[in-house]
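Colleague: First the structure, which I've put down as structure tokens, then a few questions once you've had a look.
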Amino acid sequence: MKAMILAAGRGERMRPLTDKMPKPLLEVAGKPLIVHHIESMVAAGIDDIVINHAYLGMQIVDALGNGSQYGANIEYSAEQEPLETGGGILQALPLLGDEPFIICNGDIWTDYPFARLLDCQLDLAHLVMVENPGHHTQGDFFLRDNGQVCLKTVTGIPLKGKGKNATYAGISVLDPRLFTGSTEQSFALRVPLLAAMAEGRISGEFYSGSWVDVGTPQRLQQLEQELSPCRG
């Protein structure tokens with residue numbers, strides 16, 4: 001199974017750290033965020049990786065090269081204009097092939113075991129969900145106990161029943177068919193996901209391990225402190 005790391009974002013909330021460096025190259029625990037993902041994927045047996053890039057993207061290419069230093073084979077999808085998450089994946093589909101592939105946001109930290117996704121059974125998409133963080137208490141979607149992911153409300157009425165509101169972790173397995181019929185060049189991944197949810201074609205799982213949306217300098221600093229070894 002191939003994987004794609006999304007690394008084309010501008011990182012506005014991370015300024016001034018991202019004024020001269022793309023966000024996935026910011027370091028935590030002694031190495032860039034994106035390297036943590038690559039190493040975790042390779043350890044899980046996932047070594048064919050596609051990375052999209054835009055803002056200061058050549059820094060990512062120069063830092064990672066062809067991936068051989070990590071035991072990976074890395075290909076790049078360069079974006080000449082903002083394509084958002086969905087558009088970026090759509091452009092990279094020729095590199096990803098016709099089979100389901102893993103997606104991981106380049107600006108998160110997690111110890112999620114990617115090997116868990118290798119035998120994933122899905123229709124159009126399978127999402128990894130996590131507990132709602134303090135900065136996003138309302139969550140993204142409703143994860144039912146039967147593994148179905150759906151909207152949190154139906155015509156404005158909150159969903160009831162067995163399950164919970166949860167946050168999309170930025171990790172998923174997508175079938176290329178999810179993008180069938182996409183006509184826009186630039187669009188959020190949420191657009192085709194919502195359409196597929198309305199048809200009951202999205203599954204999910206809840207992960208209770210370590211996960212951080214490293215979206216601000218403060219969160220990056222806090223994560224660094226948590227991961228740094230204690231000093232007496």
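Colleague: From 89, 108, which residue is crowded, with 19+ Cβ neighbours inside 10 Å and closer than 30 Å to residue 226 by Cα? First the steps, then the outcome.
Modeller: Working: 89 fails: closer than 30 Å to residue 226 by Cα.
Within the list 89, 108, the selection yields 108.
Colleague: Another question, then. Out of 196, 169, 115, which single residue is within 25 Å of residue 44 (Cα to Cα) and in a helix (DSSP H, G or I)?
Modeller: Only one candidate qualifies: 115.
Colleague: If you don't mind, there's one more thing I want to ask. Determine which member of the set 173, 212 is within 19 Å of residue 104 (Cβ to Cβ), surrounded by 14 or more Cβ atoms within 10 Å (Cβ to Cβ), among the β-branched types (Val, Ile, Thr) and in contact with a Lys or Arg (Cβ under 7 Å, 6 or more places away or on another chain).
Modeller: Working: 173 fails: in contact with a Lys or Arg (Cβ under 7 Å, 6 or more places away or on another chain).
Result of the check over 173, 212: 212.
Colleague: Then there is this: Please go through the range 176-193 and pick out each residue that is among the aromatic types (Phe, Trp, Tyr) and either assigned to a helix (DSSP H, G or I) or over 23 Å from residue 140 (Cβ atoms) (or both).
Modeller: Taking the range 176-193 as the starting set, the residues that turn out to be among the aromatic types (Phe, Trp, Tyr) are 179, 187.
Matches in the range 176-193: 179 only.
Colleague: From the list 68, 77, which residue is among the hydroxyl-bearing types (Ser, Thr, Tyr) and surrounded by fewer than 15 Cβ atoms within 10 Å (Cβ to Cβ)?
Modeller: On the way: 77 fails: surrounded by fewer than 15 Cβ atoms within 10 Å (Cβ to Cβ).
That would be 68, the only listed residue that is among the hydroxyl-bearing types (Ser, Thr, Tyr) and surrounded by fewer than 15 Cβ atoms within 10 Å (Cβ to Cβ).
Colleague: Working only within the range 107-141, note down all residues that are in contact with a helix residue (DSSP H, G or I) (Cβ under 9 Å, 6 or more places away or on another chain) and hydrophobic (A, V, I, L, M, F, W, C).
Modeller: 108, 109, 114, 115, 124, 125, 127, 128, 141
Colleague: Of the residues that sit in the range 11-44 and are in contact (Cβ under 8 Å) with a residue 60 or more places away in the chain and among the basic types (Lys, Arg), which one is surrounded by the fewest Cβ atoms within 10 Å (Cβ to Cβ)?
Modeller: Among them, the one singled out is 13.
Colleague: Would you please name the residue that is surrounded by the fewest Cβ atoms within 10 Å (Cβ to Cβ), looking only at residues in the range 142-152 that are in a strand (DSSP E or B) and touching a helix residue (DSSP H, G or I) at 6+ places or on another chain (Cβ under 8 Å)?
Modeller: Restricting attention to the range 142-152, the residues satisfying the condition of being in a strand (DSSP E or B) are 142-144, 148-150.
Those still in the list that are touching a helix residue (DSSP H, G or I) at 6+ places or on another chain (Cβ under 8 Å) too: 149-150.
Details: 149: 26, 150: 18.
For the range 142-152, the residue satisfying everything is 150.
Colleague: Looking only at the range 124-141, filter to residues that are within 13 Å of residue 193 (Cβ to Cβ) and at pLDDT below 95; which one of those is surrounded by the fewest Cβ atoms within 10 Å (Cβ to Cβ)?
Modeller: Only one residue fits best here, namely 140.
The values are calculated or read from the model by the stated rules, or taken from the named source; none is laboratory data. What you are looking at is a predicted structure, and each value in this text was computed from that prediction instead of being measured. When we count neighbours, we look across all protein chains shown, and the Cβ atoms used for this are built from the backbone with ideal geometry, even at glycine.
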